[in-house]
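FYI, it's all coordinate maths here, none of it is from the lab. Model, not experiment: these values are computed from the prediction. All Cβ positions, even for glycine, are placed from backbone atoms using ideal geometry, and neighbour counts span all protein chains on display.
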Amino acid sequence: MLMDTTQATPDSTTSTRRLKPYQISIAFGVGIGVFTMVSGIIPQITGWEGESKIHRKVFEGLPGYFKLAFYTIIPMLLIWGSLRFAYRIRNWERGAPDKRKTTRKNVKQRLADYRAGVYMRTLLRDSAAGLMHSMMYFGFLILLGVTTVLEIDHQMPPALKFLHGDVYRGYAAVGDFAGLMFTGGVLWAIVRRYVQRPYRIRIKSKPEHAIILGVLLALGVSGFGAEMFRIAQGQAAGVNLDHEKWSFVGYPLAQLVNGASPDVLTTWHQAWWLGHVAAFIAFLVILPVTMLRHIFTSPLNMYLKDRDRPKGAMKAMPNLTETSLETFGAHVVEDFTWKQLLDLDACTMCGRCTSVCPAHATGKPLDPREIVLKSGEVMAATAAHAPGGKVSPPIGVDSEITISANSLFERITTEEIWSCTSCKACDEICPVNIEILDKILDMRRYLALMESDFPAELGNAYRAMENQGNPWGMNQGERGDWAKDLDVQVLDPGAAFNHEYLYWVGCAGSFDDKNKKVTQSMAKLLKRAGVDVAILGPSEMCTGDSARRSGNEYLFQMLAMPNIEMLNGMGVRKIITQCPHCFNTLANEYPQLGGMYEVIHHSQLLEHLIDSGKLDVSNATLEERITYHDSCYLGRHNDVYLAPRNVVSSIKGVDVVEMPRNGTKGMCCGAGGARMWMEETIGTKVNDERAAEAISTGASRVATACPFCYIMLDDGVKGAGKEEHEVKVADIAIHLLDALENGERMLAERGAPLGVPVAGE
């Protein structure tokens, strides 16, 4: 039975009492604005602006009307900004429900994710860009704290003022340090964007970015300028300002203008102070209407990282044969969830997703960043659809872009959507946890189910899955042919399951000639280890992964439900699979349909058997260099990286080398997301590029842990002119069995009994 994806609607009493997110935004802005205004009024009423030898006034040397202007304009802008931000929040409310509730179970992880965002840990994966952003971010936060402390001290009666003596000296040093760090970070950002110009930044630089960096630079420079002339003005007036020496930037700068008349210095101080305030006003103006809003949205997005489904699972859908829904997938803004719409405002445009996308890297029309930005453009331009009907203008959208309807495909092309390999590299590297892949897959659902708009060759795979139960279009009766010469039990689907594991071979392992060898090797290894397994043979059908990843949810359910009914009826609880796509579907998505199983990938099982001693690899030997290719659906979708490497590393004599892109940064083979069944006619073939990377390591063997990866890399290596005796591509099970048989053959040739080391070894 399908999982009920509906959510209970809160009663009207509760909903009226609880502040809504957009109301909280307004309340926060009004609160800060009122506080700022009051902070200027109170000292005027109380006369608490007392004199102190070591005390700094907020408006030192400035006319009274400056104060009036400051405490009028700044609060108004704070309130205006909160209203603009509230409009964005109301846009998010257009989205469908998404279960992101904070519970006792997930609160610890959410706080950890939030801290990771606030502390810049995710950005620091890129050391240069991360350090640059950290300098700006933490510098700004400290400066904000310094300014707040000055304002609080400003409101205190003379007896309670604390910015004097050693406190002030420390305060001055911290302020200058933060200002130097902030300004240095901004200058670094300018050099990086307009001088160094990395590809991912160069292709998306907009006038908006220049405005932001210009305002931030003005904020930092004007602050030091105002400090410089404030100190110089005091010295010219004969005031002892030895304590200002702790302003290790402002004080030396003040000495550069030492000797000018007090009137001139006063004029310059007023000018720089006004410039500083003007820069701050500009900052408040652009904050809610440019990408700067990610200061608030990105940490919030990080906090909401935890979700109610596994990392590798797509969103559940109701039974399509019974549902009353009239549309499926996403084609308008409202089809996304509110969390997916928050994603659009959390984007920093950093382009990390672009830099790791295999489709983009090989010349395909897909750019993951553009999927987010284009969706955001549609959301902003159609904000009249939001609750309350408030329009949030599409700030930063190129003037020539027109959006005539509330449709994501106004800006996003089908070519972009079908280029995706669903490798999840974009999601994995995003420093603010934007879920890009979900959006692409949701749009695929609409194209496939509502428009029948998919590549023609994918239709062939659909028909094969529907008619033959597998995308190869092979006769189901041949599924178990690989086991004819092996001692493997084929189960009757109606019989009670009384074995330790069900071996789910998968379509590739059953029908593809390359991968039949993997299946046979794995069966031999399991027999060596004494593992009790059985297979379904002709009763096993495709899990439906390719159908679901290409948006055909109807076909997925048509395949999955009979599989689940059969497995549940037999009482199957433990499943081995050598295909990460089957692994992900069985473990993470079949529970949505009532199929609850303990699923283990063959790399994990082999690792366990080796570690426990059940599979004796003491004689396994290969004197070769080997590199391992990470499967996207095993790695990024399910966080299994070490098991296959540990299996390979258990072989004596091998020199294990890593490709430049490995682990979480590994490059896709190009077959995921149903791309296995689609022609690749644009740009360089993904598998060719990955194969070239594998060859560049000098490895004589390439290890895989996925049947699709095996096919794609083997084709790529052979396409590069390498024969099998030069570079052998194979699954880890084949390499391990080769090593075992090789070691046993070597021992037999030497006349040594198996398991006994030869002298000198």
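Summary of computed values
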read-out: Listed residues Ala674, Ile626, Gly743: farthest to the positive end of the dipole of the range 621-761 (Cβ charges); value: Ala674
read-out: For the range 616-750, radius of gyration divided by Kirkwood radius, i.e. Rg to Rh on alpha-carbons; value: 0.99
read-out: Net lengthening on full extension, Glu326/Lys527 (0.36 nm per residue, minus Cα-Cα); value: 67.2 nm
read-out: FRET efficiency for Glu565 and Leu486, using Cβ-Cβ distance with R0 set to 41 Å, rounded to 0.05; value: 0.90
read-out: Phi to ³J(HN,Hα) by Karplus 6.51 cos²θ - 1.76 cosθ + 1.60 over the range 575-584, Hz, x for Gly, Pro; value: 10, 9, 9, 9, 9, x, 5, 5, 4, 5
read-out: Length added when fully stretched, Val149-Thr402, from 0.36 nm per residue minus Cα-Cα; value: 86.4 nm
read-out: Percent RCO, i.e. relative contact order, over the chain, from Cα pairs under 8 Å lying at least 6 residues apart; value: 11
read-out: With Cα atoms, 0 to 90° folded angle of helix 732-750 axis to the chain main axis; value: 50
read-out: Cα shape, the range 78-156, gyration tensor, a/c 1.5 rule; value: oblate
read-out: Kirkwood-Stokes translational diffusion coefficient of the range 470-609, alpha-carbon pairs, 20 °C, 1.002 mPa s, µm²/s; value: 143
read-out: The range 266-341: GluC sites (Glu not before Pro) in DSSP coil with no more than 11 other Cβ atoms inside 10 Å; value: Glu322, Glu326
read-out: Residues of the range 333-347 with amide N under 15 Å of a point placed 7 Å along Cα→Cβ from Lys206; value: 344-347
read-out: 0 to 90° range, to nearest 10: angle between helix 262-286 axis and the chain longest Cα axis; value: 30
read-out: Cα centre as origin, Lys/Arg/Asp/Glu Cβ charges: the chain dipole, Debye; value: 2300
read-out: Dipole in debye (nearest 20) - the range 470-609, about Cα centre, beta carbon charges: Lys, Arg +1; Asp, Glu -1; value: 280
read-out: Estimated D of the chain in µm² per second, where Rh is the Kirkwood radius over Cα pairs and Stokes-Einstein applies at 20 °C, 1.002 mPa s; value: 72
read-out: Sparse-neighbourhood loop sites, trypsin sites (Lys or Arg not before Pro) in the range 550-656 - DSSP loop, at most 16 other Cβ within 10 angstrom; value: Arg573, Lys614
read-out: Distance cut-off 17 Å, percentage of C-alpha pairs in the range 418-466 lying past it; value: 46
read-out: Calculated FRET efficiency for the pair Met596/Ile24, C-beta based, R₀ 35 Å, to 0.05; value: 0.35
read-out: Tilt relative to the chain, helix 513-529 - C-alpha long axis, 0 to 90 degrees, to 10; value: 80
read-out: Electrostatic dipole magnitude of the range 616-750 [Cβ: Lys, Arg +1; Asp, Glu -1; Cα centre; debye, to 20]; value: 340
